[in-house]
Each structure stands twice: as C-alpha cells, then as structure tokens.
Amino acid sequence: MDLDAVRTFVAVAEAGQFKEAAADLAITQQAVSKRVAALEKNLGVRLFTRTARGARLTIDGRAFLPHARDLLRAAERAAASVRPGRRALRVDVINPRIAPAHLLRDFHRAHPGAELDVVTLFDADTAIEAVRSGAIDASFRAVIRSPQQLPDGIETARVLDEPHELLTGPAHEFATARTVTPDRLAGHRIWIPGMVTGTEWAAYYTELAAAFGLTIDAVGPNFGTEALLDALADSPALATLVGEGTRLLWPAEYDLRRIPVHHPTPVYPHSLIWRADNPHPALTALRDHLGSTPRGPRDTETWTPAWAQRPLVTRPPGGATP
C-alpha cells in the first residue's frame, strides 16, 4: 500500500477539503486527487463523497481512517528505529576480558547516553564481513589484510598497541623476574589453547614465535580461561602470554605472576573496523574518542608482526580519517 496515498487520505479527512490538504502537504490539488483515486482503486471502495463544502468521508472512509492513522504511526516507528542515533551502536569485541572491551567501556563512561549492543564474533574475516553487510557497525580486531585486500568501503584505524606479558605459576623459572626478554623465552613451553589456524591471533603468535624462536602451542582441548589458570598454577614449566590490558581473576592461592616482556616489547595491534558510509553518530563519537589519545606501550622498543607495522591512528577533531 502506498504510504503517500494513505498520508494524503488522512490529510484530506482531517482538513475536509482537497485544496486545504494539498496546501498542508505542499503538493498540487491535482496530485491529491490522483493519490486518493489510486488508493480507492487499490481498496476497491470510495473513501470520499465530494460536496459543495469539500470532501466528506463515506462509511468505508470512516472505517478505514483509524487504520490509516495506525499505518502512518507504524511507518514512523519503523523509520525511527533505524534513524541514525536512534538505535544502539552494535560493536564486536572478541572477548569481554581484553583491552578493546575496556576501551569500549571507557567510551560508554564518557558518553553515557550512547546505547551499545556488544557482540562477540569469531575471527577478523567474520567481523569484516559483518561490518560490510551492515550486521554490525564496528569491530575491534587485528587486521591482517592490507587496505587493498579489504572490501570496498571498509575503513580501519589502529587504535591500540597492547604490550604482552608472560603469565606463570609461582614455581616457574621466571616467576620472580621483574622483566623478561623475548629471546629468553626460547625453549620454554608457552601454551595458548584455542589458537585456531587462519585467525588473526594465530597469525600474530606464529610470527612472534618465528621472530624469537619461541615454542608456542595449542596442544590439548580449550576448556577456557579458568582451566588455563588452573594449569599454570600447578606447573613449574608452563607459561602463557596475555595482553597487558587483559583482566584475569584467580584464587589467591594460585599466586600467579604477570611478568612484563621488554627489549623488545611484543605488542598486539588492535584496530577499529567500520564502514565509511555508516552515518551513526555514536560511531563518529567512538572514533573521535579512540583517536583523541593514541594508545601504545611506554617502551619505545617494540615488536609487531610485519603485516601490522603501521603507526597508531591520530585523528583531528570531527572524526576525519588522516
């Protein structure tokens, strides 16, 4: 059903005249007549009787009027639900424990009026496709692909270089170390369960292992973070790598140790991914928030994979991409 025709019908019913309805709608009287005639033809009934004083609703017109008003209200609600700024900003983060999730929480604290819908997708390829299709507005991911390999209209900006730390139990060789260098980790087993081939995090750890001769494996089932912490607490040889911003809780008796890795500091390159034509005002606010203060390690001697050796984003006010 043509909503313009329905809107015109309601305008004539309320004005009582075709001429006055035309003025209210800023169209010609002829256009009003054509719309009403088309609606009557579609419904198979007469809606108005013309009189010397204007237009009077027929019995069918009176029956149709409340439903016509309901149709227009429903159409307005439908449009409002997707109007920029009226729906929640849908953002993907790979894990609620990691640093990008904290960046998103910081943004929400700074913009409490911005509604967020936080989702968790599997890998960067899935996230990029979801951004491209409009299923989500943005994603925090490490981006392996070059700009030329991304779908048309997809933008990315590096927003956080997150230092990695060694996590061990109290009996591990490095448990009492204040810091450790990556080359000293060679020969020690670093367990990262859930390192799925083809994902961006597997690409990161594979290149890190090759660069420093590390033994990184994902042997055994992935029973989750709690099972990993249990294993570390009981082992004098097992260790893992975690982001500096990853928040983990464990029982006090585990006495786990987080040891900074320096000279160089391995950093995980988090980027924001979005569609260039997405008009959501909260997305612009998020980009401005992330771009206002570039985030990275204090240590100037860092390591990142070859595919990630691009500078952190800095953006001028207004959200324009540099």
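Flag set for Ile136, criterion: surrounded by 19 or more Cβ atoms within 10 Å (Cβ to Cβ) and either over 18 Å from Gly291 (Cβ atoms) or in contact with a Cys (Cβ under 9 Å, 6 or more places away or on another chain) (or both).
In the range 161-174, which residues are in a loop (DSSP other than H, G, I, E, B) and not hydrophobic (A, V, I, L, M, F, W, C)? Selection gives Gly169, Pro170, His172, Glu173. Residues that are among the aromatic types (Phe, Trp, Tyr), surrounded by 13 or more Cβ atoms within 10 Å (Cβ to Cβ) and outside any strand (DSSP E or B) are absent from the range 223-240.
Among the residues making up the range 175-215, those that are open to solvent by less than 30 Å² (accessible area, probe 1.4 Å) and part of a strand (DSSP E or B) are Val180, Ile190. Report yes if some residue within the range 96-108 is open to solvent by less than 20 Å² (accessible area, probe 1.4 Å) and touching a helix residue (DSSP H, G or I) at 6+ places or on another chain (Cβ under 7 Å); otherwise report no. Yes, the range 96-108 has at least one match. When Leu272, Leu283 are checked against the criterion of being among the aliphatic types (A, V, I, L, M), open to solvent by less than 20 Å² (accessible area, probe 1.4 Å) and part of a strand (DSSP E or B), a single residue qualifies: Leu272.
Could you count how many residues in the range 44-66 are touching a helix residue (DSSP H, G or I) at 6+ places or on another chain (Cβ under 9 Å), part of a helix (DSSP H, G or I) and open to solvent by 60 Å² or more (accessible area, probe 1.4 Å)? Total meeting the criteria: 2. Based on what the data block shows, is Thr58 touching a Lys or Arg at 6+ places or on another chain (Cβ under 8 Å) and among the β-branched types (Val, Ile, Thr)? For Thr58, the condition - touching a Lys or Arg at 6+ places or on another chain (Cβ under 8 Å) and among the β-branched types (Val, Ile, Thr) - is met.
I'd like to know if the range 140-150 contains one or more residues that are more than 22 Å from Gly245 (Cβ to Cβ), of a type in the set (Lys, Arg) and outside any loop (DSSP other than H, G, I, E, B). No, the range 140-150 contains no residue that is more than 22 Å from Gly245 (Cβ to Cβ), of a type in the set (Lys, Arg) and outside any loop (DSSP other than H, G, I, E, B).
Residues in the range 249-269 that are under 32 Å from the mean Cα position of the chain (by Cα), open to solvent by 30 Å² or more (accessible area, probe 1.4 Å) and either closer than 21 Å to Ala177 by Cβ or not hydrophobic (A, V, I, L, M, F, W, C) (or both): Trp250, Arg258, Pro260, His262.
Contact map, the range 113-141: residues that are within 15 Å of His102 (Cα to Cα) paired with residues that are open to solvent by 60 Å² or more (accessible area, probe 1.4 Å) and not in a helix (DSSP H, G or I), Cβ distance under 6 Å, separation 6+ or inter-chain. Pairs shown: Asp117/Arg90.
Checked against the criteria, Glu76 does not count as in contact (Cβ under 8 Å) with a residue 12 or more places away in the chain and either open to solvent by less than 30 Å² (accessible area, probe 1.4 Å) or out of contact with any Phe, Trp or Tyr (no Cβ under 7 Å at 6 or more places or on another chain) (or both). Quick check, is Arg90 in a strand (DSSP E or B) and either small (Gly, Ala, Ser) or modelled with pLDDT under 90 (or both)? No; evaluated as a whole, the condition is false for this residue. In the range 143-170, of all residues being of a type in the set (Val, Ile, Thr) and open to solvent by 10 Å² or more (accessible area, probe 1.4 Å), the one that is farthest from the chain's Cα centre (by Cα) corresponds to Ile144.
When restricted to residues that are closer than 11 Å to Leu272 by Cα and more than 12 Å from the chain's Cα centre (by Cα), the range 125-142 contains 1.
The values are calculated or read from the model by the stated rules, or taken from the named source; none is laboratory data. Values in this document were obtained by computation on a predicted structure and should not be read as measured data. Cβ coordinates were reconstructed from backbone atoms using ideal geometry, including for glycine residues, and neighbour counts include every protein chain displayed. Surface accessibility is based on the protein's heavy atoms, side chains included, excluding ligands, DNA and RNA. Shrake-Rupley method; radii C 1.70, N 1.55, O 1.52, S 1.80 Å.
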